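> Please see the structure below; I have some questions.
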Amino acid sequence: MKAKSLKSNVSFLQAARSAYSPKLPKVLTGNPSKVAVKSGKGTHSISDRDAVKKLFPNTYGQPEVSFVAGKAPSSMKRALKVAVVLSGGQAPGGHNVVAGLFDGLQKLNSKNRLIGYLGGPSGLVENKKVEIMGKLLERYRNTGGFDIIGSGRTKLESTEQFEAVVNNLLKEGISALVVVGGDDSNTNAAVLAEYFKAKDYPIRVIGCPKTIDGDLKNEQIEVSFGFDTATKVYAELAGNVGRDCLSAKKYWHFIKVMGRSASHIALEVALKAHPNICLISEEVAANQWTLAEITEQVAKVVAERAARKMNYGVAIVPEGLLEFIPEMKKLIGELNDLLAHNAEFEKLENSVEKINFVLRNLSADSQNAFRSLPPSIQIQLLADRDPHGNVQVSKIETEKLLIEAVDMKLRQWKKENTYNGKFSGQGHFFGYEGRCADPSNFDADYCYSLGTTAAYLVAAGLTGYLSSARDLLKPASQWRAGGVPLTMMMNMERRHGKEKPVIQKALVDLKGKPFRTFAAAREKWAKEDSFTSPGPIQFWGPAEVADAVPETLRLERGK
Ligand code: FBP
C-alpha cells in the first residue's frame, strides 16, 4: 500500500504500517503438516456444572487443546470453506484476526476459502456476504476498524434464525464459522456449536475473544483483543489533558471512559496516566456507596487541592458507574423492565410525558433516585435500550452528572465557609475514539495469532472452542496457541427473569494486583500532580515503548 500523494486516501503512516508483518507463536510459523493437536483433560464450567452440562450435552466437558510440534492429523489438509463474522462493538485488531484466519487457511491448503458475512450476525441470517481474497485484505492489514465486513449487534436466539444460518451456510458449502466477539457473542457461538452438533449439521463454530472493555478474560484467556490499543489511546489523551491542567491550572476535567459494566479501562488508564481521581465501579458496589457519598468523596479531593491553590485536576469516570450505585442500579433495573416493549410509553412524544409516566410506575425508592438526577440524565435514562434490553451506558453523561453534583456540594461548603476555591468542570467522553485505532504491535500480533489459531482449530475439526494465545508476557514466538472450550467459561446467570447459561463477565478484582497497585498510589495522585504523558502509540522504536503490553496484564501475570 503506497501513499502516492496528499490527495490519496492512504496516509503515509498507513502505507508504512501496512508493511508490518505480525508475529506468530513459533509453532504456527512452520510447515502445517508438523503441527500436532495436544489435548488436555476434560473440563468443567466455572460453576453450575450440572445446569450447564444439561444445556450443552454435546459440547460440554471437551478438553483444552494446544498446538505443538508433531505430526498433524490428516484432516488438517482437507480443503475447507470457512465463514467469518465480526460481532458487537469494534475493537482494534479485528482486521488482523481476519488476515490471520485467511493466511492460516491458505497455508493449510491453498484451496481453502474464506467468506465474510456482512454487518454482524444479521448477515448470516440474511445471507449477505463477500469472499475475502488476498487483494481485498491488502488494504486492511494492520488497520483499525471492522469495515472490511462490518459488524452488528443482532442476537441470534431463535430456532428460525439458527435454521436460516444453517441453510445459508450449507448452501454455500461452508463447514465452519468463526465468530469474533465479546462474552455475549461467544455465548451465542457456544449455543450455535451445540445446536449444530445436536442436529448433526456439519458446521463447526470457533470464537475469538474481542472487546475493548477487557471483561472477556479468565484463567485461560489473559486479555481480550483491542483492550491494549484502546486504553493506549485513552491514556494518551488523559495524559495530554493532565498537561493542559498543569499549564492552565483552571479546570477540573471529568473524563468518562468506555467499558460498559467493568472498570478495566478506567483502571488501566489510571495506571498509565496517574489522574487525581479514578472511580472504580466495582469498589462502589462493594462498599454500597450512594451517589451522595461518591459526590462527597470527589468534592473532598477538589476542596483539599483547592486549599493548596490547586483548582484543577483530572478525574476518570468509568462508563458503567451509575449501574453500580445501589439506588441507581435498582432504578435502572426497574426502568429496563418497565420500558421493555412498552407500547404505552412508546406512544409518548415529549420528555415531560415520558418522565411523568415513569414516575407513576416506579417504586418509591426509585422515584426518589430518579428525581435526584438532573433532567438531562433522566431523559438519557429513558432513551432506547440495546438489543439485550439494557440501558445504553455510553449515552449517559455520567461525567456531567458528577460535575453538576460536585459543583452543588462545593457551593454548599462555600456557604458554610469550609471551602474557598474555584471549580470549573470540563466533561469529556473517551470511547469511540479508541475503538477503531490502528492496532498497537501487541494487538496486531495477538489478533493475527488468534486468527491463525482459529484456522488451525477449524482444520483440526474442533467445535465449541475459543481461539487462544497464552503466556502473553513472553515474546510472541513463545506464545502458546490453542483452544479453550467455550462451556468451560460459562455459568448460569439471571437474564430477563430467566436463568441462562452465559460466559462469565470478568469485573475488576478488588483483591487483584492492578487494583491494589492503584489503591496504593491514589492518595498521592490526589494530592500531588503526578500526571504522566503516556504519549501516542508507537509502532517503531525501543521495545519497552513499541511492544508494551497492558499494565493490567503485566501486573496480573507478571512474576
Ligand atoms: P463490545 O462489548 O461489543 O465489545 O462493545 C463494547 C463497547 O465499546 C462498550 O465499551 C460500549 O458501552 C458499547 O460498546 C457501545 O456500543 P455501541 O457501539 O452500540 O454504541
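> For a quick check of your reading of the filter: which trypsin sites (Lys or Arg not before Pro) in the range 417-499 sit in a DSSP loop and have no more than 15 other Cβ atoms within 10 Å?
Lys422
> So what's the net charge close to Leu279: Lys and Arg +1, Asp and Glu -1, counting the other residues with Cβ under 12 Å from its Cβ?
Net local charge, Leu279 excluded: -3.
> Now, a different point. In the range 175-272, if every C-alpha pair distance is counted and binned at 5 Å from zero, what percent goes to each bin?
The calculated distribution, bin by bin, is 3, 12, 17, 16, 13, 10, 8, 7, 5, 3, 2, 1, 1, 0.
> Per residue, how big is the convex hull of the chain when only Cα atoms are used? Give it in Å³.
Output value, Cα hull per residue: 167 Å³.
> Give the whole-number value, in cubic angstrom per residue, of the convex hull volume spanned by the C-alpha atoms of the range 355-495.
Cα-based convex hull of the range 355-495, divided per residue, equals 235 Å³.
> Can I ask one more? Amide H neighbours of Phe225 under 5 Å, at least 5 residues apart or on other chains, H built in the peptide plane: list them.
Lys210, Thr211
> So how exposed is Asp48, as accessible area in Å² (1.4 Å probe, rounded to 10)?
For Asp48, the solvent-accessible surface is approximately 70 Å².
> How much of Glu163 can a 1.4 Å solvent probe reach, expressed as accessible area in Å² and rounded to 10?
Spelled out: Glu163, probe radius 1.4 Å, area about 60 Å².
> Relative to the longest principal axis of the chain, what angle (0 to 90°, nearest 10) does the C-alpha long axis of helix 351-361 take?
So the helix axis and the longest Cα principal axis differ by about 90 degrees.
> Sequence gap of 8 or more, or different chains, plus Cα separation below 17 Å: how many lysine pairs satisfy both in the range 421-559?
Counting lysine pairs in the range 421-559 gives 4.
> Which lysines, on any chain, are close to Lys128 with Cα under 29 Å apart, when same-chain ones fewer than 8 places away are left out?
Lys77, Lys81, Lys107, Lys111, Lys155, Lys171, Lys197, Lys199, Lys210
> Right, something else. Which value in deg cm²/dmol, rounded to the nearest 500, describes the helix-derived mean residue ellipticity at 222 nm for the chain, given -39,500 (n - 2.57) per DSSP H run of n ≥ 4 and division by the residue count?
So the calculated ellipticity at 222 nm is -12500 deg cm²/dmol.
> On full extension of the chain, what length is gained from Asp529 through His341, given 0.36 nm per residue of separation minus the C-alpha to C-alpha distance?
Difference between extended and current length: 62.8 nm.
> Follow-up question, since we're still on this one. Report Rg(Cα)/(2.2 N^0.38 Å) for the range 420-508, keeping two decimals.
Normalised Rg, Cα atoms only: 1.62.
> Please give me the summed charge of the neighbours of Arg243: other residues whose Cβ is under 12 Å from its Cβ, Lys and Arg +1, Asp and Glu -1.
-2
> While we're looking at this one, here's another question. Of all DSSP beta bridges in the chain, what percent run antiparallel (nearest 5)?
40
> While we're on this one: Say R0 is 22 Å: what FRET efficiency, to the nearest 0.05, do Val10 and Met133 get from their beta-carbon distance?
Calculated transfer efficiency: 0.70.
> So, one more: Can you check what the net charge comes to around Phe146, using other residues whose Cβ is under 10 Å from the Cβ of Phe146 (Lys, Arg +1; Asp, Glu -1)?
That works out to +1.
> To the nearest 10 degrees, how steeply does helix 398-415 sit against the main Cα axis of the chain, on a 0 to 90 scale?
20
> On a 0 to 90° scale, report how tilted helix 183-198 is relative to the longest principal axis of the chain, with both axes built from alpha carbons and the result rounded to the nearest 10.
Computed tilt is about 30 degrees.
> Another question about this same structure. Tell me, what ³J(HN,Hα) does each residue in the range 242-257 have, in order and in whole Hz, if you take phi through Karplus 6.51 cos²θ - 1.76 cosθ + 1.60 with θ = phi - 60° and put x for Gly and Pro?
Each residue's phi maps through the Karplus curve to give x, 5, 5, 4, 4, 7, 8, 6, 9, 10, 9, 9, 9, 10, 7, 10 Hz.
> A further question follows. For the range 107-190, what class follows from the C-alpha gyration tensor (a ≥ b ≥ c being the square roots of its eigenvalues): rounded when a/c is under 1.5, otherwise prolate if a/b is larger than b/c, else oblate?
Because a/c hits 1.5 or more and a/b fails to exceed b/c, the range 107-190 counts as oblate.
> For the range 307-385, what is the per residue volume of the convex hull drawn over the alpha-carbon atoms, in cubic angstrom?
Hull volume normalised by residue count: 129 Å³.
> Between Asn311 and Arg360, what is the FRET efficiency for a Förster distance of 60 Å, r being their Cβ-Cβ separation, to the nearest 0.05?
0.90
> Further question: Starting from the Cα of Thr290, step 7 Å along the direction of its Cβ; do the same at Asn58; then give the gap between the two resulting points in nm.
About 5.3 nm separates the two model spin labels.
> Rounded to the nearest whole Å², what accessible area per residue is found for the range 435-518 with the 1.4 Å probe?
On a per-residue basis, 33 Å².
> Taking loop as defined by DSSP and a crowding limit of 14 other beta carbons within 10 Å, which trypsin sites (Lys or Arg not before Pro) in the range 247-280 fit?
For trypsin sites (Lys or Arg not before Pro) across the range 247-280 that sit outside H, G, I, E and B with at most 14 neighbouring Cβ atoms in 10 Å, the list reads Lys249, Lys250.
> Starting from the amide H of Ile132, placed 1.01 Å from N in the peptide plane, find each other amide H under 5 Å away whose residue is 5 or more places distant or on another chain.
Sorted by chain and number, the residues that satisfy this are Leu114, Ile115, Gly116.
> Given R₀ = 30 Å, what would the calculated FRET efficiency be for Ala383 paired with Val545, taking r from the Cβ atoms and rounding to 0.05?
After rounding, the FRET efficiency stands at 0.15.
> Right, here's the next one. Residue by residue, what Karplus-based ³J(HN,Hα) values in Hz, rounded to whole numbers, does the range 205-218 have, using 6.51, -1.76 and 1.60 with θ = phi - 60° and x for Gly and Pro?
10, 10, x, 10, x, 10, 3, 5, 5, x, 9, 9, 8, 6
> Each residue of the range 81-91 in order: what ³J(HN,Hα) in whole Hz does its phi give by Karplus 6.51 cos²θ - 1.76 cosθ + 1.60, θ = phi - 60°, with x for Gly and Pro?
Per-residue couplings from phi come out as 10, 10, 9, 10, 9, 9, 10, x, x, 5, 8 Hz.
> Still on this structure, I have one more. What residues have an amide H closer than 5 Å to that of Glu493, excluding those fewer than 5 places away on the same chain, when H is modeled at 1.01 Å from N in the peptide plane?
Lys500, Val502
The values are calculated or read from the model by the stated rules, or taken from the named source; none is laboratory data. Just so it is clear, the structure is predicted and the values come from calculations on it, not from any experiment. No Cβ is skipped: glycine too gets one built from the backbone with ideal geometry, and neighbour counts run over all protein chains shown. In case anyone asks, the SASA skips ligands and DNA or RNA and just uses the protein heavy atoms, side chains included. Shrake-Rupley method; radii C 1.70, N 1.55, O 1.52, S 1.80 Å.
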